[in-house]
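The values are calculated or read from the model by the stated rules, or taken from the named source; none is laboratory data. These numbers come from a predicted model, not from an experiment. A quick note on method: Cβ atoms are made from the backbone with ideal geometry, for glycine too, and the neighbour counts reach across all protein chains shown. To get the accessible areas, we keep the full protein, side chains included, count just its heavy atoms, and leave off ligands, DNA and RNA. Shrake-Rupley method; radii C 1.70, N 1.55, O 1.52, S 1.80 Å.
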Amino acid sequence: MRVAPAVVIVTRPTRLQGLRERWGTLGQAKFLLRAARAIESADESDQIATMAPTAAITKGKTTEQADFDEYEAEDSVYQAAIDRLETELQSQYPTRVIPRSFVPSFDFGMTMVVLVVGQDGLVANVAKYVGDVPIIAINPDPQRIDGVLLPFEIAGASSMVDRVASDRFDYREVTLAEATLNDGQRMLAFNDFFVGAASHVSARYILSVGDRSEPQSSSGLLVCTGAGSTGWISSAFNMAAGIAKTVEGSLEVPGPMNWDARHLRWVVREPFLSRTSQIGLVAGTLPASDQLKVESLMPDGGVIFSDGIEADFLPFNSGLIAHIGISQQTAKLAIPS
């Protein structure tokens, strides 16, 4: 029997769910938050020595309760959005709701469309794993979430799914970056790659670009796509521009790239000049026809991760060589017609 293509809804944990997971119960979480805020308030007013613990907790109750009410309101809006979306869709399509943590291991082979319900970062995390499956990015709470990558709201989501099902939708193609290691491992990036050390120590590696190559010691290498050109890498350019302005003049900061641009930007963070490390290769633009080659000189602690997700990384230690360039795979983000 042929299985109908499914609709997959990807969710994220709310702050309230995070508190419950951390402290076991919401009552315990509320008590500990109240106590922490009260003690901090007492410390600032130099009253810790004279204030009884119960008085300190009472003092912090009003502010803490307001914070906790916001956690609960945020969670309520989000859960209501997911419930409404699932109810509207499951009468017409096979529908699965999966948490963000399931995405890397989920098989999207029989998926017709993926609905990402959350914040912008969730779109970037999901896009790397769904292949060419269209993504409908939904803002579940416009009052709290700006949603640069979230053009749809809950009210119009089901009709957009119908448009995807009948292949009558417009979409924005987003270039992805790809890192491959000589041991066969592979990783994609929606926004950017970080190549370096897992802790705050210098990363040691050999960087090759075109016909140039040099050993380097730095706080890591950033490689970004068009979608990531206004993110992490922009802070490195801003720092360089600020230093240049202070020391000897000015430096033009490169502007945003188109999301479908078939080239990448890269920058070496804080390159260090020494007898064994050079600073000739610091930043550049990488066309689709080229790749960065990075050979690790770190006996341990080397990593490659994408889109700021440090927990999802490729070990990058001595003996491993990474090639980073444009991926043949792209992300397909549905847009309003």
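Among the residues of segment 134-182, the ones that are more than 21 Å from Asp75 (Cα to Cα), assigned to a loop (DSSP other than H, G, I, E, B) and more than 19 Å from the chain's Cα centre (by Cα) come to 5 in all. Of the residues making up segment 188-221, those that are in contact with a Leu (Cβ under 8 Å, 6 or more places away or on another chain) and either open to solvent by less than 20 Å² (accessible area, probe 1.4 Å) or among the small types (Gly, Ala, Ser) (or both) number 16.
Residues being more than 28 Å from Leu222 (Cβ to Cβ) and modelled with pLDDT under 95: count how many of those fall in segment 126-140. Going through segment 126-140 one residue at a time, the tally reaches 0. Among the criteria (1) among the hydroxyl-bearing types (Ser, Thr, Tyr); (2) open to solvent by 70 Å² or more (accessible area, probe 1.4 Å); (3) within 30 Å of Asp162 (Cα to Cα), the one Thr276 does not fulfil is (3). The residue list Val148, Val113 contains one member that is open to solvent by 10 Å² or more (accessible area, probe 1.4 Å), of a type in the set (A, V, I, L, M, F, W, C) and over 30 Å from Pro299 (Cβ atoms), which is Val148. Of all residue pairs spaced 6 or more apart or on separate chains, those with beta-carbon atoms under 8 Å, a first member in segment 290-316 that is within 19 Å of Ser229 (Cβ to Cβ) and in contact (Cβ under 8 Å) with a residue 24 or more places away in the chain and a second member that is part of a loop (DSSP other than H, G, I, E, B) and of a type in the set (S, T, N, Q) are Ser306/Asn191; Asp307/Asn191; Gly308/Asn191. Restricting segment 288-315 to residues that are of a type in the set (S, T, N, Q) and in a loop (DSSP other than H, G, I, E, B), the residue that is surrounded by the fewest Cβ atoms within 10 Å (Cβ to Cβ) is Ser289. Total residues in segment 80-123 satisfying the condition of being without any contact (Cβ under 8 Å) to a residue 60 or more places away in the chain and assigned to a helix (DSSP H, G or I): the figure is 8.
Return yes when Arg168 is open to solvent by 10 Å² or more (accessible area, probe 1.4 Å) and either among the β-branched types (Val, Ile, Thr) or out of contact with any Gly (no Cβ under 8 Å at 6 or more places or on another chain) (or both) and no when it is not. Spelling it out, Arg168 is indeed open to solvent by 10 Å² or more (accessible area, probe 1.4 Å) and either among the β-branched types (Val, Ile, Thr) or out of contact with any Gly (no Cβ under 8 Å at 6 or more places or on another chain) (or both). Scanning segment 190-209 for residues that are assigned to a strand (DSSP E or B) and either over 15 Å from the mean Cα position of the chain (by Cα) or over 25 Å from Gly280 (Cβ atoms) (or both) yields Val195, Gly196, Ala197, Ala203, Arg204, Tyr205, Ile206, Leu207, Ser208, Val209. Taking the condition in contact (Cβ under 8 Å) with a residue 12 or more places away in the chain and assigned to a strand (DSSP E or B), does Gln329 pass? When the stated conditions are applied, Gln329 passes them. Beta carbons closer than 6 Å, at least 6 apart along the sequence or on distinct chains, pair a first residue in segment 257-269 that is open to solvent by 60 Å² or more (accessible area, probe 1.4 Å) with a second that is among the charged types (D, E, K, R) for Asp260/Glu173. When every residue of segment 185-202 is checked against the conditions, at least one turns out to be in contact (Cβ under 8 Å) with a residue 40 or more places away in the chain and closer than 23 Å to Pro336 by Cβ. When Arg37 is tested against (1) in a helix (DSSP H, G or I); (2) surrounded by 13 or more Cβ atoms within 10 Å (Cβ to Cβ); (3) charged (D, E, K, R); (4) modelled with pLDDT of 85 or more, exactly one condition is not met: (4).
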